Amino acid sequence: MLDRVRQYISRNHLIAANGTYLVALSGGADSVCLLRMMLSLGYRVEAVHCNFRLRGEESDRDEQFCEALCREHGVKLHKVHFDTKEYAALHKVSIEMAARELRYDYFGQLMQTIGAAGILVAHHRDDSVETVLLNLLRGTGIRGLEGIKPVNGNVIRPLLCLSRDEILSYLRSCGQDYIVDSSNLVDDVQRNKLRLNVIPLLKTINPSAIDNIATTSRHVAEAVKVYDAAMARGISECLSDDTIDIPSLYQQSSPEAVLHEILSRYGVPSKLVGQIFDSLLTSPTGSRWQADPYLIVKDRDTLLIGRQPVDAAPLVMPECGRYVYNGNVNGNGNQTVDVEVRGRAAIKRISKEPFFATLDADKVQFPLTIRRAQAGDRFTPFGMRGSKLVSDYLTDRKRNLFERSRQLVLLDATGTILWLVGERVADVASVTPDTIKVLCVRYSKE
């Protein structure tokens, strides 16, 4: 078993020979086996024990056992006590989740303090099989069938190649005792129900059930590598700047899988992805699906993904100066608007910067207002005759729904639109050879 663990570590590049690692030590059989094996294999380790104060005297017994074990083998032990119930109540999470968050937060801090290369935890093959079954019950994609991975960030699992029975056999072979957590013997949570009831039943159907599930899980993990490579190619062909090209999507070998991979990045639940895919070809332009905080919109042959527009109050500017506009135009941050009047001689040529407007100051009445474009807004673009709906102008410019919803306009006291911000000034206040004073307006995003 030691040779198998050594080979597993080497094959998966889990532990560096010259690094120091923390062993998460609860006192149970799995973590005790992990500590003993790492010592036997010659790795440099220190132990860490978390007392969650959940089982009264049992919790103190576990801590004392870990102290004695580490003292016997000359291993430095780090200890921490948590008020897990208070943390769970404060953060409105389950006791199980509270213990997990407290444990891994502390592990991360301790790793930095002592310069450890990683934290070793004692998950084994049977734990991985339980995870696969739990994921199946919850409804999972292909990755849920991989089981527990040997490495997840700084967390390393060297015993995934061993079964629970093999761990117990190893401890017996070296005469090592361990403690039993009584909470693991009660089927009050899903994992315990699987461990105590379902898995024994599966073994009566097929004694090799757990071995076979573990083998299938390893095969799936290898298949996922091929799947991920194919998905990466498909996504690169379909997705650009939060826009999915629908014809390109349907050229993929599995359009639904590619769509799922893309939308899952935005936190869109699988059920909604299925609904979108089922209606994608038949739904008209403008169809919308909400997945807070995102909005997914069909726009002709594309699927647009963006944050839902946030209502923003107009910014009124009674005079020249610098103003801060909390318009949330891009979903976050503020924008600044600088307004000043210059002499015509100071303006050598009219700026073509999209976010800098030059207007004839004598044709403009304060106060100025910046707001979102609204339905029915009209203006006369510079160089054109006759007014045009702002919405039509933006459509002609091929601006998508999200860009149109974020479009800003600058108006004067008469309600006349002077500037489509970032697009075009209005002809009504444009600078001419007769202009004496130039009103300069600069819009800046953070």
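The values are calculated or read from the model by the stated rules, or taken from the named source; none is laboratory data. Remember, predicted model here, so these are calculated numbers, not experimental data. Every residue, glycine among them, receives a Cβ derived from its backbone with ideal geometry; neighbour counts consider all protein chains shown. For accessibility, only protein heavy atoms count, side chains too; no ligands or nucleic acids. Shrake-Rupley method; radii C 1.70, N 1.55, O 1.52, S 1.80 Å.
Taken about its Cα centre, the chain carries a charge dipole of about 1060 debye when Lys and Arg each add +1 at the Cβ and Asp and Glu each add -1 at the Cβ.
Pairs of Cα atoms nearer than 8 Å and 6+ residues apart set the relative contact order; for the chain it is 11 percent.
Checking the cross-link pairs K352/K398; K363/K398; K298/K352 against a 25 Å limit on the alpha carbon distance flags K363/K398; K298/K352 as lying beyond it. Against the chain, whose longest principal axis is taken from its Cα atoms, helix 57-73 shows a tilt of about 70°.
Give me the compactness ratio for the chain, meaning the Cα radius of gyration over 2.2 N^0.38 Å. Display every interim value, and only then the final one.
Numbers: Rg = 31.9 Å, N = 446, 2.2 N^0.38 = 22.3 Å.
The chain yields a ratio of 1.43.
Calculate, for F356 and T285, the FRET efficiency according to 1/(1 + (r/R0)^6) with r their C-beta to C-beta distance and R0 22 Å; round to the nearest 0.05. My answer for the efficiency is 0.05.
The modelled label-to-label distance for the pair A312/M97, using points 7 Å beyond Cα in the direction of Cβ, is 3.4 nm.
Could you state the number of Å between the C-alpha centres of segment 79-122 and segment 267-305? Distance between centres, Cα-based: 39 Å. Take the Cα of R344, step 7 Å toward its Cβ, do the same at F366, and the gap between the two points is 2.2 nm. Partner lysines whose Cα lies under 16 Å from the Cα of K92, excluding those fewer than 8 positions away in the same chain, are not found. For segment 39-52, putting each phi into the Karplus relation 6.51 cos²θ - 1.76 cosθ + 1.60 with θ = phi - 60° gives couplings of 5, 5, 7, x, 7, 8, 9, 10, 9, 9, 10, 10, 9, 8 Hz, in residue order, rounded to whole numbers and with x for Gly and Pro. Modelled label positions at M1 and I436, each set 7 Å beyond Cα in the direction of Cβ, lie 9.6 nm from each other.
Counting charges near K85 (Lys, Arg +1; Asp, Glu -1) among other residues having Cβ under 14 Å from its Cβ returns a value of -1. Taking the DSSP beta bridges with both ends in the chain, the antiparallel portion is around 80 percent.
When DSSP beta bridges are limited to those with both residues in segment 33-162, what percentage is antiparallel, rounded to the nearest 5? Intermediate results must be reported in sequence, preceding the final value.
On the way: 2 of 9 bridges.
Of all bridge pairs located within segment 33-162, approximately 20 percent are antiparallel.
Heavy atoms of the protein chains alone define the surface here; on that basis the chain has 53 Å² accessible area per residue at 1.4 Å probe size.
When all protein chains stay in place and ligands, DNA and RNA are ignored, the 1.4 Å accessible-area order of R349, R404, R11, largest first, is R349, R11, R404.
Dividing the helix sum by the residues of the chain, where each DSSP H run of 4 or more adds -39500 (n - 2.57), gives a mean residue ellipticity at 222 nm of -11500 deg cm²/dmol. Take every Cα pair under 8 Å whose residues are at least 6 apart in sequence, average their separation, divide by the length of segment 172-298, and the relative contact order is 10 percent. Which is farthest toward the positive dipole end of segment 143-287 among V189, S270, C238, measuring Cα position about the Cα centre, with Cβ charges +1 (Lys, Arg) and -1 (Asp, Glu)? The residue sitting most towards the positive pole is V189.
Charges were assigned to the Cβ only: +1 to each Lys and Arg, -1 to each Asp and Glu. The resulting dipole of segment 274-369 about its Cα centre is roughly 380 debye. Taking Cβ atoms as reference points and 11 Å as the exclusive limit, the residues near R372 contribute a net charge of +1, counting Lys and Arg as +1 and Asp and Glu as -1.
Taking Cα centre as origin and charging only the Cβ of basic (Lys, Arg, +1) and acidic (Asp, Glu, -1) residues, the dipole magnitude of segment 163-261 rounds to 600 debye. Given S94, S59, V75, which one lies farthest toward the positive end of the charge dipole of segment 16-119, if we put +1 on the Cβ of every Lys and Arg and -1 on the Cβ of every Asp and Glu? Result: V75. Sorting the segments 284-292, 235-243 by their mean number of nearby beta carbons within 10 angstrom, highest to lowest, gives 235-243, 284-292.
Compared with the dominant principal axis of the Cα atoms in the chain, helix 255-264 is inclined by about 90°.
Indicate the gyration tensor shape class of segment 365-429 (rounded, prolate or oblate), computed on the Cα atoms with a ≥ b ≥ c the square roots of the eigenvalues: a/c under 1.5 is rounded; otherwise a/b larger than b/c is prolate and the rest oblate. All intermediate terms of the calculation are to be shown ahead of the outcome.
Numbers: a/c = 2.01, a/b = 1.29, b/c = 1.56.
Judged from the Cα gyration tensor, segment 365-429 comes out oblate (a/c at least 1.5, b/c at or above a/b).
Sort 52-62, 254-264 by packing, meaning the average of other beta carbons within 10 Å per residue, with the highest value first. Don't skip to the end; give the middle numbers.
Numbers: 52-62: 14.4, 254-264: 19.2.
Per-residue mean Cβ counts within 10 Å order the peptides as 254-264, 52-62.
Excluding residues on the same chain fewer than 8 positions from K388, give the aspartates and glutamates whose Cα lies under 20 Å from its Cα. Within the straight-line cut-off, K388 pairs with D377, D396, E403, D412, E423, D427. The C-alpha atoms of the chain define a longest principal axis, and helix 270-279 lies at about 50 degrees to it.
Per-residue 3J(HN,Hα) values for segment 89-106, derived from phi via the Karplus relation 6.51 cos²θ - 1.76 cosθ + 1.60 with θ = phi - 60°, read 5, 5, 9, 6, 10, 5, 4, 4, 5, 4, 4, 5, 5, 4, 4, 6, 4, 5 Hz in sequence order (x marks Gly and Pro). Dimensions of segment 142-195 along the principal axes, based on C-alpha atoms and rounded to the nearest Å, stand at 40, 28, 19, largest first.
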